[in-house]
Amino acid sequence: MAAYKPVVVQACPKLGEKITQDTLYWRGYKTPVQIKEFGAVNKIDFSPVPPYNYAVTASSRIHIYGRYSQEPIKTFSRFRDAAYCATYRDDGRLLAAGSEDGSICLFDVSGKAPLRQFEGHTKPVHLVGFLSDKYRIFSGGDDYSSKLWDIPSATEMISYSEHTDYVRCGCASKVNADVFITGSYDHTVKVFDARTKSSVMTIEHGHPVESVLLFPSGGLLVSAGGRYVKVWDVLKGGQLLVSLKNHHKTVTCLCLNSSGQRLLSGSLDRHVKIYSTTSYKVVHSFNYATSILSLALSPEDETIVVGMTNGVLNVKHRKPVEKNENSQKKIQPAYRTYVKGRSYMPKQEDFCVSKPVKRVLRKYDKLLRSFQSSKALDAVLEPPIMLHTPEVTVAVMQELHRRGTLRSALAGRDEKQVNLLLTFVARRVIEPRFTSVLVIVADMITDIYQPVVGQSAIVDKQFLKLQQAIGKEIDYQEELLEVLGMMDTLFATFTKKRDTCLEENKSNGVTEIIETNRNY
Amino acid sequence: MVSPGPLRVVRCGGGGQRGARAVYLLYASGDFVKVHSVNTEETLLLLCGHADLVTGIQLNPHNHMQLYSSSLDGTLKLWDFMDGIPIKTFTVGPKLLALYVLASAEDSVFVVVPKKGEQDTFQLVSVKLTKGAGQDLEGKELSVVLDGVGASPKQIAFGREDSYVVSVKDVNLQVYFFKLKLLNRFSLSTAKTKGGDNSFSCVVCHPTEDCIATGHADGKIRLWRNFHHKKAYTYSALHWHHDTVMDLAYSLEGTRLLSGGVESVLVQWHNESSCQKDFLPRLGSPIECISMSSDGVLCCTLHTDNRISIINSNLRFSRSIQGLIKSRDVKTGLVVDPRTKALVLNGEPGHLQFYSLQSDQQLFSLDIVQRQYIHQAGLKQSELVKVAFSAQGTWLATVEESEEVADPELQLKLWFYSEETQSFALSTRINTPHDNHITDMCFRDMAELGDDSLILVTTGRDCVFKVWVMVEDSDPEAHQSVSWSCDFVGGYHNYQATNCCFSEDGSLLAVSFEETVTVWDSLTWELKCTFCHPPGNIRNICFGRLTCSKYLIGATDYGFLCCWNLLTCALEWSAHLNVVVLQPDPLSEHIAAVSWLSKESSLFVFKPSEPWPIYIQRNLCKEKILLAAFVPRDEPEMISSEKYCWLRKSQLFFLTDTQELMTLSTKSLEERLTPSSKQLAVEESLPMTPFSVLLGKHRRQQAQEDTDLGKPVVHNKQEQASPAVKELLHTPAHVLPSASFLCTIFINSLLISKENKSAEEVADEVEMESEKAEDDSDEEDVTAMEQEDASHMELLGEMTCKLSKSQEKELRKIRKMDYSWISAF
């Protein structure tokens, strides 16, 4: 004898991305705050010390924003032309920036006027950075050269001119105070050691390099250029580890999260992709309104700041972790009841008799088990079920139809209930997974309530709504079919070659027939 | 050669009685009566002897160890069902349709026979059982009791103290009082008002009161009283069933009435009031018969799907006895589970049954549809239509569809066999895999490449075939899971795809599209070549195996069997044969084709490389064979005959349209039955413990020795001794009886007697002989007979020798006696 089998609710997998730990993590941000800057945002840099202010370089200004401020808490606007690449020093007290006129300015975060100004580049400087010993600055400019400056004396220490195109990006090693890396539009990434006169390593990226990044360990180098993000093993002499091609436009910026487990890349295709650094697979991606130029992540992943080409700064803050310990405590039974009987460990010779698990049936299942069709339908037409889990409602309707009692369950309802039913049907009938069932339901409702049409304004309105929804869907389907037809003709032109092959086979078949005839 | 499988249960009788509890369940199954143990669900005995369907069985009211049975072959038999021996056979003549035995009438039984000269009219007659010495007796003394009765045994019932008999037919009820010789007729109105149908379906009488309960086609139960009077009779109605009441039964005291019907719910009515009733719902399938055991403790229900449920008196389901579950329509075909070698086919609605052929038992039933089945006519329920196993049996694909023709609700489900739970678990469910009915499905069988190469192909009436592959969600941080998704959709000129088949190495896929067979490369999914043999659509296709793997066999509607060579892409040979079933043997290159021509099925077995069959069995059976399957044998059978060598590695099973399972066997019926009858154990109400086995064995031996007085025991005692000693030693000391009691048994078991040796040798010789005989001829019947004869002869020889010795002794005694007496004189 079998037990009652509950109604199978078709769980439809959510289309699109799957819910993983990553999606949950990266979705845990509030709705973004949009801040309008004066021009394209070319660099965002977080201060490495609390309260984690960040410097935004856009047009001829550098704005410094606080964590939750929407207005800049400080502005450096002493640039004659565009400023580039405002970068914090490791202690968060100094800020260096390049500019369109080739000079590099060094600011005190608390001050206004530049502390030092380094002149030497003849063309705009797009890259400025501090070496990890804090006393030297490296820079790269559109004059193809990269230079090393001494901060106290404001003098140029070394100049390398090995690149053959603009130097646009770079970073310093955190492990070695003498090593820094530059990437250039000549498709190469070069590793320089301040102690030598020339570069120590050259890596061929294959596309103009837009951004480079060193892992905290200093062993792995990430370069972005063209549509590619490439990961190189520096310790193996610049061997290519992975080449990622997940964007369909140029990748402009790279960033690591605070744990170093995830790599973020922003691109002109308006997407930020997040990669796992173990598998180098995309685990999540963000969509933005316009092309992305710069990207930064605050320590502890508290804030994601993205700068775009149209000068909009997009700031997302992480939602605070909800802790409702109070409510949880109420649900949990007392420790004594919980432990009761569980502390006994069965001995080897004991017979364990397992208690049959009591199955809890949903209300509609209980009603269906006792063949109360109308009441079962009532149970699933309650607003919480109808709104949040329409698949349950539809599954019960389908079950009733299977039992042949749907018509009697739908009949004999008052104005309010019919209204409720029609609202549901009109809203859900266009969903493909429900269409087949709800079309039957709609058919039956119109059949049953045809004689009373015109007696209630509310019901009539719902009928009209249903008609509209179905009409719209039909138009839409027609359009889709048209598109399909167009595509078919396109594909038909491609498969011409195959058809001839089929023709040959057909003739083969004919010859066989002749042979079989001969066989008799 | 052809033996029908035990598929149809006709009528089940009550439990035999032993002590205070019902121990045996007897029921008629086809031409046999089966004796089941209620406790263990095992078949204990098979009473065979009737030549046609057994229609009724009744316990002898004067001897509870005896059983009457009636059959369509016109004979009544009296059996001793404890030993399985027919005691008497009464030849009556006409077909016997039902049997009733009364306690009051000692020398006569009542049977239903067709009226002479008239069709479809039956009469209840009493047969006088003549007392005679022989086994075969005549029972020709018939006297008509009632005329115009129904043919079903459920339509006649005998009342309290056998004082009257009730018969129902259509809307008429007849009561005949034996003592008064009075016949009362009552009839209900024939008008069918509000869907009501007054015609009777069954009748039963109250065991202690004058009350008749009748079941009706519209689900009503009527209780008739006061029917001694023609006018003043009364009846009351109980109504719960929504469809025909199939059977009724009163409890022993008559306080409870049980009823069952199509709803597959057993209803228990208390005190004949409609307000008090209990239900036992969801018994699986419609109830056909209800039977109470003679002590009233148990009741059993017989279901339409060839199953018996045993139910406690407090309406708790106890256990069920089931063989091959009969389903309305075997749509899945006969599939062999590679893991258990069980036959897999439709079972209960929405279930897949795994049926073990060796033990004639259902191994388990897998719920595929997972929906509540509503037993009601006219509903469109989801049904299981296709099943396929992967080569290792790790994956199972099933297709279910609703019965709607226009817009079927299709589901393709893929099940994975999990080693931990030892059962199949659902892995992937695909809704509407095709837009129309799925016609065929097969896995790519590549055992050597493992699961990664697993491919499933489905063909549909929506003119495409689809290729499904396994996709692994390889997220290193999430747990790995496998799902199936569509990889390729292929079609051919918008023809409906009807069949698909992979070649043995998995490199080629053949898909038939109406008249054409297309062959595809399974790596690139390119169309390689096409074959056709117009006119007529392709009905079946299969690839040759092993040495014949270059051939593709196809059967068409127009009655042609074609063999194409894949290397030359040409027709090798063709034959005119209306092939219904085409089944390749997975272990050899043989292919079995079953044809259907002018009301008989014939079997042809051939190799694709040769156009002439190696084996032909014409007139296999009268029914149309719908399905066939080769089941691999556990160990290859030694078959010397050239003709049957194709049966060496696997056995062929057929399913006919009347749902009988048949097989081809080179052995005779007796030989196949021996293993089951060997298992006959002594039925004790005591639980079986090693000690009881030991004691039982010795008691039996002692008893034998007592009764047979020195008749040689054929068992070898020495062989028995060692397990006996073992059991003695392994039984815990606290359950053993005193040592003094065990001592004699123990020593006895160690003794070696001279007589036994000779007996053993004799037995050996007989075995040798029989082996030789088997080698020589095909007809094992004769050899078996010979074997038995020989053993009897030998035994007789021993006996005579023994007897002469004892006679000598007696003679000597007599001599002595005589001598002393003479001297005294």
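The values are calculated or read from the model by the stated rules, or taken from the named source; none is laboratory data. Quantities reported herein were computed from a predicted structural model and do not represent experimental measurements. For neighbour counting, all protein chains shown are included, and Cβ atoms are generated from backbone atoms with ideal geometry for every residue, glycine included. These area figures cover heavy atoms from the full protein model, side chains too; ligands, DNA and RNA do not enter into them. Shrake-Rupley method; radii C 1.70, N 1.55, O 1.52, S 1.80 Å.
Results, tabulated for the structure shown:
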{"item": "Near-label residues of segment A:160-188 by backbone N, under 12 Å of a point 7 Å along Cα→Cβ of A:Glu204", "result": "A:187-188"}
{"item": "For B:Asp445, solvent-accessible area (1.4 Å; no DNA, RNA or ligand), Å²", "result": "70 Å²"}
{"item": "Apportionment of accessible area to carbon and sulfur, chain A, percent (1.4 Å)", "result": "55 percent"}
{"item": "Net length gained if the chain between B:Cys486 and B:Asp136 were fully extended (0.36 nm per residue, minus Cα distance)", "result": "119.1 nm"}
{"item": "At least 20 Å² of accessible area lost relative to the chain alone, listed for segment B:498-538 with a 1.4 Å probe", "result": "B:Leu527, B:Thr530, B:Cys532, B:His533, B:Pro534"}
{"item": "Per residue solvent-accessible surface (Å²) - segment B:572-665, probe of 1.4 Å", "result": "44 Å²"}
{"item": "Helix-derived mean residue ellipticity, 222 nm - over chain A, DSSP H n ≥ 4, -39500 (n - 2.57), to 500", "result": "-9500 deg cm²/dmol"}
{"item": "Accessible area, probe 1.4 Å, largest first, for residues B:Glu472, A:Glu71, A:Glu37", "result": "A:Glu71, B:Glu472, A:Glu37"}
{"item": "Virtual spin-label span in nm between A:Asp475 and A:Asp91, 7 Å along Cα→Cβ", "result": "6.9 nm"}
{"item": "List A:Lys236, A:Lys43, A:Lys273, ordered by accessible area with a 1.4 Å probe, largest first", "result": "A:Lys236, A:Lys43, A:Lys273"}
{"item": "Accessible area (Å², per residue) of segment B:477-527, counting only protein heavy atoms and a probe of 1.4 Å", "result": "44 Å²"}
{"item": "Inter-site label distance for A:Thr75 and B:Gln370 at 7 Å from Cα along Cβ, in nm", "result": "6.3 nm"}
{"item": "List A:Met487, A:Met201, ordered by accessible area with a 1.4 Å probe, largest first", "result": "A:Met487, A:Met201"}
{"item": "At least 50 Å² of accessible area lost relative to the chain alone, listed for segment B:366-381 with a 1.4 Å probe", "result": "B:Arg371, B:Gln372, B:Ile374"}
{"item": "Listed residue pairs exceeding 28 Å between alpha carbons, taken from B:Lys154/B:Lys230; B:Lys88/B:Lys622; B:Lys528/B:Lys649; A:Lys43/A:Lys319; A:Lys416/B:Lys220; A:Lys366/B:Lys326", "result": "B:Lys88/B:Lys622; B:Lys528/B:Lys649; A:Lys416/B:Lys220; A:Lys366/B:Lys326"}
{"item": "Accessible area of segment B:154-321 belonging to carbon and sulfur atoms, whole % at 1.4 Å probe", "result": "48 percent"}
{"item": "Probe 1.4 Å - accessible area at B:Ser740, Å² to nearest ten", "result": "90 Å²"}
{"item": "Förster-model FRET efficiency, 45 Å R0, A:Thr278 and A:Lys375, C-beta, rounded to 0.05", "result": "0.25"}
{"item": "Chain pair A, B: total accessible area buried, heavy atoms, 1.4 Å probe, Å²", "result": "3100 Å²"}
{"item": "Theoretical FRET efficiency, 1/(1+(r/R0)^6), r = Cβ-Cβ of B:Lys116 and B:Asn63, R0 25 Å, to 0.05", "result": "0.15"}
{"item": "A:Gln239-A:Leu490 FRET efficiency (beta carbon distance; Förster radius 45 Å; 0.05 resolution)", "result": "0.55"}
{"item": "Carbon and sulfur %, accessible surface of segment B:489-636 computed with the full protein complex present, 1.4 Å", "result": "51 percent"}
{"item": "Cα-projected label distance for B:Asn748 with A:Tyr344, points at 7 Å along beta-carbon direction, nm", "result": "4.6 nm"}
{"item": "Segment B:572-665 shape via C-alpha gyration tensor axes, a/c threshold 1.5", "result": "oblate"}
{"item": "With DNA, RNA and ligands ignored, accessible area of A:Cys352 (1.4 Å probe; Å², nearest 10)", "result": "100 Å²"}
{"item": "Residue-normalised accessible area of chain A, expressed per residue, 1.4 Å probe, Å²", "result": "55 Å²"}
